[in-house]
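Undergrad: Structure below; questions to follow.
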Amino acid sequence: MKICIPTETDKGKDAVVFGHFGSAPFFTIYDTADSSIEVIINANQHHAHGMCQPMAALAGKGVNAVVTGGAGAGAIEKLNQGGIRVYRAIAGTVADVAAQFAAGRLDEISVKNACAHHDCH
């Protein structure tokens, strides 16, 4: 399974989770099958509110889940339509989030409990 975790830096498993999906500088993709990492620059991080295009950034990456501090309803709806489930991250690093995800300790985010702004946690 591939998990996309929005991050502040491109430091792999040591990267700190960013607070909001669409405006994250990087997307770190963690593959649970072999613990490999791929980092993508988020070219759409400075989008207007409500104009996030998450599937464009993740196209062809085989992502099954996004684990983030928060995300807007539009982004969650687009991700869900693409077959990607969204979970709320804990504070910490990619390694911390991957461990919590593997243990089943993260809550799923739906359109109903999405963020209404970019500073949601």
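What follows draws every value from the coordinates through simple rules; no lab data is involved. Because the structure is a prediction, the values reported are computed rather than measured. Note that each Cβ is placed from the backbone with ideal geometry, even for glycine, and that neighbours are counted across all protein chains shown.
Undergrad: How much length, in nm to one decimal, is gained on full extension between ALA59 and LYS11, taken as 0.36 nm per residue of separation minus their Cα-Cα distance?
TA: Values: separation 48, 0.36 × 48 = 17.28 nm, distance 2.18 nm.
Answer, rounded to one decimal: 15.1 nm.
Undergrad: Stokes-Einstein at 20 °C, 1.002 mPa s, Kirkwood radius from Cα pairs: D for the range 2-113 in µm² s⁻¹?
TA: Details: Rh = 13.5 Å.
In µm²/s, the coefficient rounds to 159.
Undergrad: Could you tell me which of PRO6, ALA43, ILE109 has its Cα farthest along the dipole of the range 2-113 towards the positive end, charges placed at Cβ (Lys, Arg +1; Asp, Glu -1), taken about the Cα centre?
TA: ILE109
Undergrad: I've got another one for you. In whole Å, what is the distance between the alpha-carbon centres of the range 59-77 and the range 1-47?
TA: 11
Undergrad: Please sort 30-39, 62-71, 6-15 by packing, taking for each peptide the average over its residues of neighbouring beta carbons within 10 angstrom, highest first. If you can, show how the numbers build up before the last one.
TA: Details: 30-39: 13.5, 62-71: 22.5, 6-15: 17.4.
Those peptides, ordered most packed to least, come out 62-71, 6-15, 30-39.
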